[in-house]
Amino acid sequence: MHAKGGFMSKHCFLAIAVLALVPVVASAIPLGTGRLVSVTSVDGGCLQGPDGNTVQSWDVERFHTYTLTITNVFDCANSGMDPTINVRINSSTPGFEYTDLVAAWVAPGVYRFNYTLPAGAWCTFPLFYCTIPGDWLTSGLRVRRSDGGNFQAHLRASWFDEGCINPRWIVGPECGTIPVEPESWGRIKALYE
């Protein structure tokens, strides 16, 4: 029993050590010159953005398809002249860790592709270009803000009110800090009275 426990402890420690390195490796992917300048709905899905003082987010709706345009892709793909590039959208939603896609050339340094936000999506979805399909840990360059600022662009899974107004981030345990809706405070207070 003790030997089995020692074996399990070593494997648990190894798994924890490997998992601890994953964010470090993923965050080591450099920020490229490519900018996410446009997100448009293909099928009537709600959309708002971009917003954010650092990371720039575009609020998008589950089940819907969006056309994304990246410009300033001059740091790979034959200085933005290749007919296609591989792109990747990473996710913090379990089961949707990443999606490999192909973007088509539109003009020098400009590429366009479609992405459908999965039904169970939550949190944000950072974008990468000039990726290697299947290598979600180390390949590609991070897509930067539309204004060229020194931060990344993300899609953000959101709920919308009728008329595609008032987007609210869909949160889950992988999102980090979970914002509390104003109407939730009354319910929380009632639990402690």
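Annotations for the structure displayed:
- Residues in the range 108-146 that are touching a helix residue (DSSP H, G or I) at 6+ places or on another chain (Cβ under 7 Å) and modelled with pLDDT of 95 or more: Pro108, Gly109, Cys130.
- Complete set of residues in the range 74-99 that are within 12 Å of the chain's Cα centre (by Cα) and charged (D, E, K, R): Arg88, Glu97
- Residue match in the range 120-141 (condition: more than 16 Å from the chain's Cα centre (by Cα), free of Cβ contacts under 8 Å to residues at least 24 places away in the same chain and assigned to a loop (DSSP other than H, G, I, E, B)): no
- Search result, residues across the range 97-111 that are over 24 Å from Cys123 (Cβ atoms) and outside any strand (DSSP E or B): Pro108, Gly109
- The range 131-140, residues that are surrounded by fewer than 21 Cβ atoms within 10 Å (Cβ to Cβ) and under 13 Å from Asn86 (Cα atoms): Ile132, Pro133, Gly134, Asp135, Ser139
- Note on the range 102-120: residues that are closer than 30 Å to Val171 by Cβ and surrounded by 18 or more Cβ atoms within 10 Å (Cβ to Cβ) amount to 4.
- The range 141-155, residues that are closer than 23 Å to Val171 by Cα and surrounded by fewer than 18 Cβ atoms within 10 Å (Cβ to Cβ): Phe151
- Residue within the range 25-38 that is surrounded by 14 or more Cβ atoms within 10 Å (Cβ to Cβ) and over 15 Å from Arg144 (Cβ atoms) present: yes
- Subset of the range 150-162 (residues that are in contact with a Lys or Arg (Cβ under 9 Å, 6 or more places away or on another chain) and outside any strand (DSSP E or B)): Asn150, Phe151
- Tally, over the range 44-71, of residues that are in contact (Cβ under 8 Å) with a residue 24 or more places away in the chain and either in a strand (DSSP E or B) or in contact with a helix residue (DSSP H, G or I) (Cβ under 9 Å, 6 or more places away or on another chain) (or both): 16
- Summed over the range 48-94, the residues that are surrounded by 14 or more Cβ atoms within 10 Å (Cβ to Cβ) and more than 25 Å from Ala107 (Cα to Cα) give a count of 12.
- Count of residues meeting criterion [of a type in the set (A, V, I, L, M, F, W, C) and free of Cβ contacts under 8 Å to residues at least 40 places away in the same chain] in the range 91-119: 8
The values are calculated or read from the model by the stated rules, or taken from the named source; none is laboratory data. None of the values given here were measured: they were computed from a predicted structure. Here the Cβ is made from the backbone with ideal geometry for all residues, glycine too, and neighbour counts use every protein chain on show.
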